[in-house]
1. Assigning unit charges at the beta carbon (Lys, Arg +1; Asp, Glu -1) and nothing else, what dipole magnitude in debye, to the nearest 20, does segment 1-76 show about its Cα centre?
2. Please check: in the Gaussian network model of the chain (C-alpha springs, under 10 Å), which one of Asn112, Asn32, Asn154 has the largest mean-square fluctuation.
3. Can you list the aspartates and glutamates whose alpha carbon is less than 19 Å from that of Lys124, not counting same-chain residues fewer than 8 positions off?
4. What residues of segment 1-36 lie in the reach of a label at Ala176, counting those whose backbone N is under 18 Å from a point 7 Å from the Cα along Cα→Cβ?
5. Rounded to whole Å, give me the distance from the Cα center of segment 1-26 to that of segment 143-166.
6. Output the Cα-based Rg and Dmax of segment 63-170 in Å, rounding Rg to one decimal and Dmax to a whole number.
7. Evaluate the distance, in nm, between pseudo-label points positioned 7 Å from the Cα of Glu108 and of Ala128 along their respective Cα→Cβ axes.
8. Rounded to two decimals, what ratio of Rg to Rh does segment 5-104 give with C-alpha atoms and a Kirkwood Rh?
Amino acid sequence: MGWIKEISDSDASGELRHIYDDVKKQRGKVANILSVHSLDPPSLQHHLDLYMHLMFSSGPLTRREREAIAVAVSAANGCSYCVAHHMEALQRYEKDAGVLAAVRDAPEQLDNPRLRAMLLYARKLTIAPHTMDEKQIAELRVQQLTDQDILRINLVTAYFNFVNRIALGLGVAAHASEIVGYNNA
């Protein structure tokens, strides 16, 4: 729960009931970051549509890469809610504890040049967006990332900056049982 009123799953009706039921069918349960939107079901649906597209649709980037971006951006923003959720998801694809720690805390130390370039771009865009220039795009192209790949890196980065601010600005918290148990759509 966050710092504002939320409509629980058991109290949901109408459009919100439909959205919650769809989320539970797809993901197994409704995350706190979604229920904080419960007073505005259309915004919840738009948020969910964007999230599902960016993180689960076919196309550029692997799920591992998308989750790594989520973790790196959320860590840079100090959003423990999103770090916890997306680190749990990333662990499905990456088993090396050293790599997981580097994704979260020090992407510059990653041995994988493609992932390192992606996460350094995402972190810089998060921390100092006003300093971005074509050099960062060129560094991604050196790793054979296409413009379509680069667009998806940018969109996932921007999405997590957006959602981190929802979580941090509304006090969305994660508890151990809330972090685990989602279907990997």
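1. Details: 9 positive and 10 negative charges, 62 e Å.
That gives a dipole near 300 debye.
2. Asn112
3. Candidates past the 8-residue exclusion: Glu65, Glu67, Asp105, Glu108, Asp111, Asp133, Glu134, Glu139, Asp147, Asp149.
4. 1
5. Each part reduced to its Cα centre gives a spacing of 28 Å.
6. Both quantities, over Cα of segment 63-170: 12.9, 39 Å.
7. For Glu108 paired with Ala128, the spin-label model returns 1.0 nm.
8. On the way: Rg = 15.0 Å, Rh = 14.7 Å.
Rg divided by Rh gives 1.02.
The numbers here are math on the coordinates, done by the rules we state, and not lab data. Just so it is clear, the structure is predicted and the values come from calculations on it, not from any experiment. We place every Cβ from the backbone using ideal geometry, glycine too, and count neighbours over all the protein chains shown.
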